[in-house]
Amino acid sequence: MRRSRPMRQSRPIRRTRIAGAVLLAGAVTGLAAGPAQAQEYRYWSFWQGKGSSWAYATEGPATLRPADGAVAGFRFAVSADSSAAGKPRAAAGFDAICHGTPAKDGRKRVGIVIDFGTAKDAPGGERPPKPRTECAQVAEDASAGEALAAVVRPLRYDSRALLCAIAGYPEAGCAEQVEGAKEPGSSAAPSSDAAADGSDAGSGGDASGTGGAGDGGPSAGLVGGVAAVVVLGAAAVWQARRRRG
């Protein structure tokens, strides 16, 4: 008794499967390609000292109320989101900043680090001042923004209460887009997190902020690409079954 030989796939079915694989590979390759460069902004970012290093603040300086011995940092830089923002280049060392300021009852000391950024990130025609550190001695319930306002002036804000300038730098502009490639669909400026108290409302705002753009979510292009892979795969299977039938 002869054993039956396995049936060969018909050429149309094989061609369909090959075409489906090629389409899938092309879609995956498109997903792997780097996305368009996100739009960058020039703005003041806000940081918290963690030991001698820095961590991007998870809330604005108007709501963040640092404890005695904390350090708050502000860095002027160009970036598209918080993950790429430049950190203050000075160490976040409280003892080095506030060693000459004795403690007082009912008050707290907060180290303030201000990094005006690099010449590359400066607006046209301006030169960034030298970095500076200050020790703010403020009320126990004071925010990081109030600590900044206590030691550095003038501060400038825009109509959205976004922190635009520290110690007069930069002279103009506020979180403006920097020329360069723009990611499709990207138009939002860095988010506004409140930064200072109402005493500086005359400078352009009441409680301003710094922040970075980018919510960490998937881009529309990525979601659309995944959907394309699913659709192409389903179409290839359907065509194969249809021809087999």
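Miscellaneous remarks
- Shape call, the range 58-113: gyration tensor on alpha carbons, a/c limit 1.5: oblate
- Exposure ranking of GLU179, GLU126 by accessible area [1.4 Å probe, largest first]: GLU179, GLU126
- Equivalent-ellipsoid semi-axes of the range 109-148, from the Cα gyration tensor, Å, largest first: 28, 10, 6
- Solvent accessible area, Å² - LYS104, 1.4 Å probe, full protein context: 120 Å²
- Dipole of the range 48-145, positive end: most advanced residue of ILE97, PRO66, GLY125 [Cβ charges, Cα centre]: GLY125
- The range 34-144 - percent of accessible surface contributed by carbon and sulfur, probe 1.4 Å: 48 percent
- Reachable lysines, given that their alpha-carbon falls under 20 Å from the alpha-carbon of LYS130 and they are not under 8 places away in the same chain: LYS87, LYS120
- Annotation: the antiparallel percentage among DSSP beta bridges lying fully within the range 63-135 is about 40.
The values are calculated or read from the model by the stated rules, or taken from the named source; none is laboratory data. Since we're looking at a predicted model, the values are computed, not measured. Note: ideal-geometry Cβ built from the backbone for every residue, glycine included; neighbour counts use all protein chains shown. All accessible areas refer to the heavy atoms of the entire protein, side chains included, with ligands and DNA or RNA removed. Shrake-Rupley method; radii C 1.70, N 1.55, O 1.52, S 1.80 Å.
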